[in-house]
Every structure is written in structure tokens, then in C-alpha cells.
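J.: Please read through the structure below; I'll follow up with questions.
The values are calculated or read from the model by the stated rules, or taken from the named source; none is laboratory data. None of the values given here were measured: they were computed from a predicted structure. Don't worry about glycine lacking a Cβ; one is built from the backbone with ideal geometry, like all the others, and counts go over all protein chains shown. Areas reflect the complete protein model, heavy atoms only, side chains present, ligands, DNA and RNA absent. Shrake-Rupley method; radii C 1.70, N 1.55, O 1.52, S 1.80 Å.
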Protein chains: 2
Amino acid sequence: MKLNCSQSELNIALQLVSRAVSARPTHPVLANVLLTADASTGKLCLTGFDLSLGIQISLHASVEKSGQITLPAKLLGEIVSKLSNDSPLCLNLDENSQQVELISKSGTYQMRGMIADDFPDLPLVETGTALELNSTFLSNAIKSTLFASSTDEAKQLLTGVNLTFNGKGVESAATDGHRLAVLNLDNILYDKNDDNENNIDEFEKFSITLPSKSLREVERFLSNFANNQPVNFFIDKGQVVFIASDQVITIRTLDGSYPNYSQLIPESFSKTLTFDRKELISSLERIAVLADQHNNVIKISADNDSNIVKITTEAQDIGSGSESLPVVMNSESFQIAFNVRYLLEGLKVIDTTTIQLSCNSATTPAVFSPLDTNFNFIYLVMPIQIRN
Amino acid sequence: MKLNCSQSELNIALQLVSRAVSARPTHPVLANVLLTADASTGKLCLTGFDLSLGIQISLHASVEKSGQITLPAKLLGEIVSKLSNDSPLCLNLDENSQQVELISKSGTYQMRGMIADDFPDLPLVETGTALELNSTFLSNAIKSTLFASSTDEAKQLLTGVNLTFNGKGVESAATDGHRLAVLNLDNILYDKNDDNENNIDEFEKFSITLPSKSLREVERFLSNFANNQPVNFFIDKGQVVFIASDQVITIRTLDGSYPNYSQLIPESFSKTLTFDRKELISSLERIAVLADQHNNVIKISADNDSNIVKITTEAQDIGSGSESLPVVMNSESFQIAFNVRYLLEGLKVIDTTTIQLSCNSATTPAVFSPLDTNFNFIYLVMPIQIRN
């Protein structure tokens, strides 16, 4: 392998690919990134793969001699990032010693590699169901729900986000057993605006669950995309592949059938409160300072005489707090208690001025939803039982 | 105690004072900040004290009833920081329960305090040697040398910065046994520019050593000051006190006589290399990526035929690196090796375009010093012995 490429392109690609390199690899080669240079296509392809998430990026290179090698991702990434960005780089592999020489304007570096044969193959399915998705919608579907998934590895499927494709839309959902976030998007399929014709066929309903850890990387990946840029999406044999221009992400799906969460959502509510979202967040953040000292519990007391809500917390032996907020109220006075951290996480993904809290009692699921928007989102939270 | 004050003033004061509150207090009251309200002066005084470093700040308050109480620094700081900054605050102490009520526009907080009698007295010497110092010069004296002090608590005096006042100047020095930074300032005394007359008497030579941990806070403190603002400085009975307007810092000095470091500095040098400082830093930062993998050692090889310096490192089983730099050279070819982290720390405090490395051999102290400046600084580093 021998090639020349630009420092800045190699640097960007290495930073992205490194996101799929395990910090605690189970095998030494998994700490490495795979470099594949192809003289016929004039491309250098970088691959990082932690056996669950894989990221592959190709960049232009003037390839003198094709070849493959794996190099320590962290070391290579740090050296390349510190090289001057007007410097062309030369990478030269000595096949006998598996040493790679990296030559820049200012200096020369030798790195010991490991042979490419030891690197696991990326499961690049390009068969099965194939869709062309809108990257901005896909990013929203991930961002709005991911936070509600479980971080407890023992909870398996709940550590992921469930995506149900149906017609032209998608429903994205995540729950950790205490709260549930659901976003509905009418149309996540890529719609070619130029001819103003929706030439995509509708597709059969199907559902997959993808690990939140990997989806966080997909979301970070999509954040570099232009608005509404198309992403190709393939699903087959327990694998999902996202492809956009020279970039590929593969994710192993989580097996099993996701809980039927829609049955948890109450069909009607006897009580509603309408808040200014930012005011509610500010009050909760102050109250959280004290609530976090004890058990994170805050109590919401709605008084329909005054149309004032009091948010209170008691941290035994430390102190107590009480915030007052004006609300629009549509029921009798009532009390309900929550984990303040759950509320803050959910309220922060909703980007509207007002927000509605709907519930039936202090012991049945409550739902937060945005008002005055076509953002079709609900955030269900189980209340905490309190003794009066 | 009962008073009204502004959220923003209280917030700034609490953040500053909290720097002197221990994260791991040896006694519960040391996790608290002392609040002293005085109706006669119309001031609220906040004090944080970890038994070594003390910070005291006074702010205007409309004090209805004088009194004292200590409150948990972290809790109070977090709540106040999150309150809206246009909100006047009321603090109200119930002397029987030691509960403080904090009332803002949006809410009310109760916090359990501890009585002020348990809080240790701040050693506020205002006797002994008294000087009026220039805050900008004092800040420079700390910043330029502090990094070279030891972080090993067993090394006692070497965990501090030594300040030797003499005439109108100060010499600031720090060493951890492997390297030594020394800055000389001709005149650190405050010079009243308005009448263009230096009306300060010279003072007798004396030397103190102050803990680096505390000086880091002094430096942070001074960074809020206007350029060349005066600071009053008192030294007595193992204590140093800095006073500026409504702010007081006290530091316990480190006892013992600081090593006679000046005898370590060679009087003459047979070899000198002149570098572009930024180029040298960039090269060292790249080489450090590999050097850090092994033992941080880099080798500088100066060749007087080419006037090129090669900086190299070998990380066994991982790789090696070599950087080339043009230099102005004034001796035969030679080699010398250093800990790359020591070099980078020292080069970063010198703010000049060019820098000179002076040495006599690969085993005797080398000195880095700025060129073309009246910044009177030297950085001595012990080389690392290498086998060829």
C-alpha cells in the first residue's frame, strides 16, 4: 500500500470512523482502524467496527499501490489531527514488517500495524428492505426519543429505540419502564422536491429496535449532513445499513419483540395543565438542586381557584423548596409527583412555547405533549406515589 | 439575620468564595460558607475557608437585622445561580431552628444551617510587613512559575511557589526537582501613575513560599481585576493576606527554607539553539503523541552543517517519529534528551516569537529563555540520559 492524500480529509474521516472503535476492545485488532487503498478507484477507505456498530468512510487519494492494513485508531487519529492542514500526506506500508510510514512536510512517523485479515468483515447488507430516508427527519426521530431508553444493559430491548415504519411514515419510541417517548412522523421517505412528485411507493409495516448507543453515533453523523439530504437505508438479517455518498454505518439490531407500548397511553384525561415550557424548565431546574439531594421527587400541586401551580420538594435534614407558576387549568385541584430528572429530560426535547400536562390521577400515567405545533410527540411519565 | 440583596452580586460572591470551600471537608462546617450581615455597615460578608486558603467577600445588602449563620456552599451556590438575575432576594434566619429562608420572585427555599460559632476564624493579619502590589505583575509572577512546582504532597516546600521580595522587585521561583522556573520582576510595587512619582519606599529582602493550590485561586481571583489595580499585601506569623476593595484572600505559608535554586543555574553555556517558539511547540506536540505511549522521552539532535534540528522519539513495539526544524545554531553538533511534557509546559508560559535553548552537555542542566524581550525568565530542565 502506498498513497498520497490530504491531511484535512484524512483527519475528518479518522475522527468519524473512530466513533465506532471500542475504547475497551475485546481483541487487539478492534482498537485499530482498517485502511484499504484501491488504485483502480483512487480511494482510501477507512473502517471502524466494534462488532455492533460499524462506520466506513471513503476519501479521494492518489493510490500508487493498492493494499490493506490496520493501525491503532487513537494513535493515528492524534498524530494526523496535529499535522499542519496544508500538508499533503504520504502513507507507505512495508508489507514484510507491517510498518506504515506516514510522511508529512515537517516529519516522518512509523507505526506498527496489524494485518487486515484479522479485522472482522463489516456486515454490508444491501439487500432486503431498501428505503430512501430524509436525514433531517431521521435525526429528529432519534433525538426526540433516545433519551428515554434504558441505560441498564440487563434490560436488553429497552436499551434501544424502536422504529415502526408504516406507509410512508415512521413511529419512533423509547421507554425504560418508567417513562415513554413517542414521536410520529407522517413521512420520513425522501421526497424529491425538484419535480414536486412523490415517486416513492408506500411500504409494508415493519418494526426494528436499534441500540441507543449506536443511534447516538448515527445522530452525530447526520448532524454533518445538509438539511433533508437523502440517506439510503437497508434492513436484512439482523443488520441495518445507512449509506450516504461515501459514508456507511452498519448497526446490529436488537432481537425480540418490543413491548406494546401504545396500550400504556391513556385514551382520555380528566385533568390538564398548560405551562409556559421555559418557565416550567427554569422552576424545575431550581427545585432539582434540592430534590437531587434526596430522591429527585418533586410534587406538583395545582389549585384551580388561583390558577397557580406550586412545585415543591423536601430534602430531609437539608431543606425544602417551593416554586409558583401561573397555568391554564381545566379541572379540579389535584396533586401529582414525579422524578424531576425525568421531567427535565423530556421537556428539553420539545421545542414549543407551551406544553400540556394531562393526567387522570396521582397514580396513573401522565402525559406531556407540545401545544400549537404539528410535532406529533407524547412523553408519558409514571407518577411517584406520595403520602400526604 | 434578615436582609435583601441582589441575585447577581450574591451569585458572583458565592462562586468566588466557594473556591476556598473544601470538596472533602474534614469537619461538616467546612463544607459551608459563613454569612455575616451587619446592619450598621449595610454589608453582607461571605467567607469560605479550608483551613489553608480563606476567601472573604463583602457585598451591599439592605440589612434589617444583623446576624450570622453558615450554609452549605454547594447547595446555596447552585440555587442562587439558577434564580433569575432580575430578582431581588431576601434571606431570613430563624435563630431557633438555624433554618434560613431564601425568598425570590418565583419561589421560596428553606435551608438548614449550622451555627457560626463552629466556623473557624479567618486569620486576618493586617500587621507585619505591608506592601501595595501591582495586581498584573503579581498575576504574572504566579502564572509564569506555578506550573513547575511539585504535585507530590510529600515534597512539602516544593508544592509551593517561592517569592523573594527585594528592593522594589520580586523573584518568583518554582521547582519540582526536575525543572525550575524563575521570573524576575524589577518592580512589583504599585506605582501611582497619576502623579508620576514613585512614593513607595524600598523594603528589606524577605522570602516566603506559598502553596501552589492556593496561588492558583489567587491568580484566578486577580484575573477579574482591572489592569495594574493595586492589591494590599500583609505578611505575618505564617500567614499572607491579599486585600483589594471588598475582597480578602488569606493563605497559610509553607514553613521551611526554600532550596537555594540559583546555584543550579549554570553561569555560562557552550551550546545554544534558537527556535521559532510556535514551530517548536507544534513539533513537540506531534512527537508527544508517540512519546506519551512510552516514557515521554524525546531526543533533540542538532546538526551544525545543516542548521537543522531533528526531534525524535521511539515507542517500543508501537512506532517512532521524527520532526525536522530549522534553527540558528552556535556550537558543534550535539544531542540532548528531555521529558517532552516538561518542555511543552515551559514553552507555553513564554510569550515570545523566538526562544533559546542553552546547554553544556547531555547530562547537565539546560536552560530555555525568551529572546528579544524584557521578560526576565529562565526555565531550567534536567536532561534525560540516553544510550546511543
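J.: Going by the conditions given, is B:Ala288 over 25 Å from the mean Cα position of the chain (by Cα) and over 23 Å from B:Ser270 (Cα atoms)? So that I can check it myself, show each step before the final result.
T.: On the way: over 25 Å from the mean Cα position of the chain (by Cα): yes; over 23 Å from B:Ser270 (Cα atoms): yes.
Answer is yes for this residue.
J.: Now for a different question. Name every residue in the stretch B:145-168 that is open to solvent by less than 10 Å² (accessible area, probe 1.4 Å) and either outside any loop (DSSP other than H, G, I, E, B) or β-branched (Val, Ile, Thr) (or both), in order of residue number.
T.: Of everything in the stretch B:145-168, those that are open to solvent by less than 10 Å² (accessible area, probe 1.4 Å) and either outside any loop (DSSP other than H, G, I, E, B) or β-branched (Val, Ile, Thr) (or both) turn out to be B:Thr145, B:Gly160, B:Val161, B:Asn162, B:Leu163, B:Phe165.
J.: Let me ask another. Output yes when any residue across the stretch B:132-144 is over 30 Å from A:Glu323 (Cβ atoms), part of a strand (DSSP E or B), more than 14 Å from every other protein chain (Cβ to nearest Cβ) and open to solvent by 20 Å² or more (accessible area, probe 1.4 Å), and no when none is.
T.: Taking the stretch B:132-144 as the starting set, the residues that turn out to be over 30 Å from A:Glu323 (Cβ atoms) are B:132-144.
If we keep only those that are part of a strand (DSSP E or B) as well, we get B:132-134.
Filter again for more than 14 Å from every other protein chain (Cβ to nearest Cβ), leaving B:132-134.
From the residues that got through so far, the ones that are open to solvent by 20 Å² or more (accessible area, probe 1.4 Å) too are B:132.
Looking for residues that are over 30 Å from A:Glu323 (Cβ atoms), part of a strand (DSSP E or B), more than 14 Å from every other protein chain (Cβ to nearest Cβ) and open to solvent by 20 Å² or more (accessible area, probe 1.4 Å), one finds at least one in the stretch B:132-144, hence yes.
J.: OK, next. What number of residues in the stretch B:38-83 are open to solvent by less than 20 Å² (accessible area, probe 1.4 Å) and touching a Cys at 6+ places or on another chain (Cβ under 8 Å)?
T.: 4
J.: Determine whether the stretch A:351-365 contains at least one residue that is among the β-branched types (Val, Ile, Thr), more than 33 Å from the chain's Cα centre (by Cα), surrounded by fewer than 19 Cβ atoms within 10 Å (Cβ to Cβ) and outside the structural domain of A:Ala181 (by TED's automatic domain parsing). Break it down stepwise before answering.
T.: Step one: list which residues in the stretch A:351-365 are among the β-branched types (Val, Ile, Thr), which gives A:352-355, A:363-364.
Next, only the ones that are more than 33 Å from the chain's Cα centre (by Cα) stay: none.
Among the residues of the stretch A:351-365, not one is among the β-branched types (Val, Ile, Thr), more than 33 Å from the chain's Cα centre (by Cα), surrounded by fewer than 19 Cβ atoms within 10 Å (Cβ to Cβ) and outside the structural domain of A:Ala181 (by TED's automatic domain parsing), which makes the answer no.
J.: Additional query: Only one residue in B:Thr145, B:Thr129, B:Thr159, B:Thr164 is closer than 20 Å to B:Val240 by Cβ and modelled with pLDDT under 90. Which one? Outline the logic, then answer.
T.: On the way: B:Thr145 fails: modelled with pLDDT under 90; B:Thr159 fails: modelled with pLDDT under 90; B:Thr164 fails: modelled with pLDDT under 90.
Testing whether each residue is closer than 20 Å to B:Val240 by Cβ and modelled with pLDDT under 90 leaves just B:Thr129.
J.: In this structure, does A:Gln247 turn out to be in the same structural domain as A:Ser150 (by TED's automatic domain parsing), more than 21 Å from A:Ser149 (Cβ to Cβ) and either among the hydrophobic types (A, V, I, L, M, F, W, C) or open to solvent by 50 Å² or more (accessible area, probe 1.4 Å) (or both)?
T.: Numbers: in the same structural domain as A:Ser150 (by TED's automatic domain parsing): yes; more than 21 Å from A:Ser149 (Cβ to Cβ): yes; either among the hydrophobic types (A, V, I, L, M, F, W, C) or open to solvent by 50 Å² or more (accessible area, probe 1.4 Å) (or both): no.
So A:Gln247 fails the test.
J.: A follow-up question, please. Quickly run through the stretch B:280-318 and pick out the residues that are touching a strand residue (DSSP E or B) at 6+ places or on another chain (Cβ under 8 Å) and exposed (fewer than 15 other Cβ atoms within 10 Å of the Cβ).
T.: B:Asn307, B:Ile308, B:Asp317, B:Ile318
J.: Scan the stretch A:91-101 residue by residue and report those that are in contact (Cβ under 8 Å) with a residue 12 or more places away in the chain and facing chain B (nearest Cβ under 10 Å).
T.: Result: A:Gln99, A:Val100.
J.: Exactly one condition in (1) within 18 Å of B:Ile243 (Cβ to Cβ); (2) within 12 Å of another protein chain (Cβ to nearest Cβ) is not met by B:Ser104; state its number.
T.: All conditions pass for B:Ser104, except number (1).
J.: So which residues in the stretch A:218-228 are exposed (fewer than 15 other Cβ atoms within 10 Å of the Cβ) and touching a strand residue (DSSP E or B) at 6+ places or on another chain (Cβ under 8 Å)?
T.: Within the stretch A:218-228, the subset exposed (fewer than 15 other Cβ atoms within 10 Å of the Cβ) is A:220, A:223-224, A:226-228.
Residue satisfying the conditions is A:Asn228 alone.
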